[in-house]
1. Would you check if Met71 is surrounded by 12 or more Cβ atoms within 10 Å (Cβ to Cβ) and closer than 15 Å to Leu120 by Cβ?
2. Of all the residues that make up segment 174-185, how many are polar (S, T, N, Q) and surrounded by fewer than 14 Cβ atoms within 10 Å (Cβ to Cβ)?
3. Got a sec? Which of Val157, Val92, Val102 is under 14 Å from the mean Cα position of the chain (by Cα) and among the β-branched types (Val, Ile, Thr)?
4. In segment 114-173, which residues are surrounded by 15 or more Cβ atoms within 10 Å (Cβ to Cβ) and among the hydroxyl-bearing types (Ser, Thr, Tyr)?
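The values are calculated or read from the model by the stated rules, or taken from the named source; none is laboratory data. As the structure is a computational prediction, the values presented were derived from the model and not from experiment. Positions of Cβ are generated from backbone atoms using ideal geometry, with glycine treated the same way; all protein chains shown enter the neighbour counts.
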Amino acid sequence: MYFEDEAGFTRRPPRGRTWGRRGRTPVVTVSGRRSGLLSVAGLIAVRPGARTRLCHRLITHPAGKGQRRSMGERDFIALIDGVHQLVKAPIVLVWDRLNTHVSRTMDELIAQRTWLTVFLLPAYSPDFNPVEWVWAHVKRSLANLAVMALDRLEALVRNRLKRLQYRPDTLDGFIAGTGLSLDIPTSP
């Protein structure tokens, strides 16, 4: 079973708590220019008898009018195809109702893959998706960090995600945080 979600990162840092001298509010200086967006799609893979895995795909979107500022259907399918080649097993995918996930193009791409079964989460239910916890964890680690270039932000996000890949216990905690029971039913 695989849970999928996507997130966007910009050079503007997420807000976080910090220490400062009494009476002096800490200030993080950030350039006001638009400099593009970093889109990230992530999958948490849960398999019986195997460790929990995190797979991800990053795409940089440069600033500019008329430029796409999010991942498209082909980007999501490329991630799923890559994971399928890695695990060499059928995939049961659970994801939200993002417009690119429920589009006609995506339906056609899914229909071409007999090894792929897709389930949609209920509307407005991010609490059921453990990948949301991954984004919260990564953004918390980037709080109050002003990045000057988009490629530096990409390196930082890639580094944080790579660290999580080697912490299956943390990924298991994200799954437990959803309250979902992923036990395999046993027959009496």
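1. Details: surrounded by 12 or more Cβ atoms within 10 Å (Cβ to Cβ): yes; closer than 15 Å to Leu120 by Cβ: no.
No; evaluated as a whole, the condition is false for this residue.
2. Just the residues of segment 174-185 that are polar (S, T, N, Q), to begin with: 178, 181.
Then keep just the ones that are surrounded by fewer than 14 Cβ atoms within 10 Å (Cβ to Cβ); that gives 181.
Residues flagged as polar (S, T, N, Q) and surrounded by fewer than 14 Cβ atoms within 10 Å (Cβ to Cβ) within segment 174-185 amount to 1.
3. Working: Val92 fails: under 14 Å from the mean Cα position of the chain (by Cα); Val102 fails: under 14 Å from the mean Cα position of the chain (by Cα).
Only one candidate passes the filter, namely Val157.
4. Ser141, Thr170 - these are the residues of segment 114-173 that are surrounded by 15 or more Cβ atoms within 10 Å (Cβ to Cβ) and among the hydroxyl-bearing types (Ser, Thr, Tyr).
A quick yes/no check of all residues on (1) of a type in the set (D, E, K, R); (2) at pLDDT 85 or above; (3) closer than 23 Å to Trp95 by Cα; (4) outside any loop (DSSP other than H, G, I, E, B):
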{"residue": "Val118", "(1), (2), (3), (4)": "no, yes, yes, yes"}
{"residue": "Met148", "(1), (2), (3), (4)": "no, no, no, no"}
{"residue": "Asp151", "(1), (2), (3), (4)": "yes, no, no, yes"}
{"residue": "Thr170", "(1), (2), (3), (4)": "no, yes, yes, yes"}
{"residue": "Gly173", "(1), (2), (3), (4)": "no, yes, yes, yes"}
{"residue": "Leu180", "(1), (2), (3), (4)": "no, no, yes, no"}
{"residue": "Asp183", "(1), (2), (3), (4)": "yes, no, yes, no"}
